[in-house]
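Down below is the structure, laid out as structure tokens.
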Amino acid sequence: MRIVSLLPSATEILFALGFDGEIVGVSHECDFPPQARSKRVVIHSRIPHEASPAEIDRLVREYVARGESVYAVDAQALEELAPDLIVTQDLCHVCAASPDDLGAALARFAERPEVLCLNPQDLGDVWRDILWVGEQTRRGRAAEALLEQIGERLALLEESVAQTSERPRVAFLEWLQPFYVGGHWVPEMIELAGGHDVLGRVHTPSFRVTLEDVVAAAPDLILISPCGYGAQQARDEYLSMAHPEEWNAIPAVQRGRVYALEANSYFSRPGPRLVTGIETLAGVFHLGVQVSEEAQRAAMRVSPQAVSARAASV
């Protein structure tokens, strides 16, 4: 079987099921596991690489308003790879090529490959998609084994979280300029980690909020997790912003409980590593909960000293 994956989460699922050799094409954002980078890239972003966060937001909204994807499919590369199966999604046109774009590319094929289109809305859908990919690729047992491992980790975490008394109020910011809050599976992740999402809504796409909305929510913790960013990039962008006095009055800011997260690995992508993201949150929310080193590295505290130093330099 020759497989092309048009989204990073599907690539992670496929590699986890043992399709190292069968994957022949990926998207430009498929970077995990590392060997995914060795595969031929078949889609590219239409957003200029040097675009600012505000410019990215404007361009994305314009593409979406026109019903277009921010990605272009390389029809020639896809045809040359001659896949038997293409895995894509219809959840977010900001994350992968749209079905229309893919359909136009497949019009060149004499014999069309099978297309598996994922559309996860919550954690249950993410786990079911793993099983679905396993069934469609005849790796059902491997998919079941992977889900069993995820379930065992979640059960251990639930036991640890149950012994804690604090349930912090959390604001999860999926974009900073302007502010967007995480949706879909993110509120569930926060809940499983022992927190309460004060802005996000489960089963609902991320949506724009104002600074006043965040201030009024008075979160105990603020999580900086721009879609597609690493923790250091998220931290740097947050520190580059000018925050008004109202922002500094938020309990999370006053107490130095602002954290930048590895969104690109553990929160943005609906794949197996979401379980590590949940563990990361539990470690941030509750000092007594022990999590793996990988989960610890996924969060970076934005220290009050760094904020003060940035403010003094402006």
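Of (1) 32, 25, 22; (2) 35, 24, 15; (3) 35, 25, 19, which is the value of semi-axes √(5λ) of the Cα gyration tensor in Å derived from the coordinates here? Label (2) holds the value from this structure. Which of PHE172, PHE207, PHE267 ends up with the largest GNM mean-square fluctuation for the chain, with Cα atoms connected below 10 Å? Result for the chain, Cα springs under 10 Å: PHE207 fluctuates most. Ranked by the mean number of other Cβ atoms within 10 Å of their residues, highest first, the peptides 23-35, 254-266, 154-166 come out as 254-266, 23-35, 154-166.
Of the residues ASP197, ASP236, ranked by 1.4 Å probe accessible area with the largest first, the sequence reads ASP236, ASP197. Computed from Cα atoms, the angle from the helix 53-65 axis to the main principal axis of the chain rounds to 50 degrees. Computed from Cα atoms, the angle from the helix 274-285 axis to the main principal axis of the chain rounds to 0 degrees. In the full protein context, the chain carries 45 Å² of accessible surface per residue, based on a 1.4 Å probe and ignoring ligands, DNA and RNA. Beta bridges from DSSP with both residues in the stretch 1-122: antiparallel share about 20 percent, rounded to the nearest 5. Per-residue SASA remark: HIS203, around 100 Å² accessible (1.4 Å probe; ligands, DNA and RNA not included).
In the elastic network of the chain, a GNM with C-alpha springs shorter than 10 Å, the most mobile of GLU174, GLU12, GLU191 is GLU191. Taking amide H positions as modeled 1.01 Å from N, with prolines and chain starts lacking one, the residues under 5 Å from LEU116 and 5 or more places away or on another chain are ILE86, VAL87, THR88. Secondary structure note: in the chain, about 30% of the DSSP beta bridges are antiparallel. Please label the shape of the stretch 99-255 as rounded, prolate or oblate, based on the square roots a ≥ b ≥ c of the eigenvalues of the alpha-carbon gyration tensor (a/c under 1.5 means rounded; beyond that, a/b larger than b/c means prolate, else oblate). Oblate. Remark: the chain carries a charge dipole of roughly 380 debye about the Cα centre, counting +1 on each Lys and Arg Cβ and -1 on each Asp and Glu Cβ. For the chain, the longest principal axis of the Cα atoms and the long axis of helix 304-313 meet at an angle of about 90 degrees.
Among ALA217, ALA36, ALA171, the residue with the largest mean-square fluctuation in a Gaussian network model of the chain, with springs joining Cα atoms closer than 10 Å, is ALA217. Scaled against the 2.2 N^0.38 Å expected of a compact globular protein of N residues, the Cα radius of gyration of the stretch 112-188 reads 1.47. Overall, the anisotropy analysis places the stretch 1-95 in the prolate class: the square-rooted eigenvalues a ≥ b ≥ c of its C-alpha gyration tensor yield a/c not less than 1.5, with a/b exceeding b/c.
Computed over protein heavy atoms with a 1.4 Å probe, the carbon and sulfur contribution to the accessible area of the chain reaches 49%.
The values are calculated or read from the model by the stated rules, or taken from the named source; none is laboratory data. Only a predicted model underlies this, so the values are computations on that prediction, with no experimental measurement involved. When we count neighbours, we look across all protein chains shown, and the Cβ atoms used for this are built from the backbone with ideal geometry, even at glycine. Surface accessibility is based on the protein's heavy atoms, side chains included, excluding ligands, DNA and RNA. Shrake-Rupley method; radii C 1.70, N 1.55, O 1.52, S 1.80 Å.
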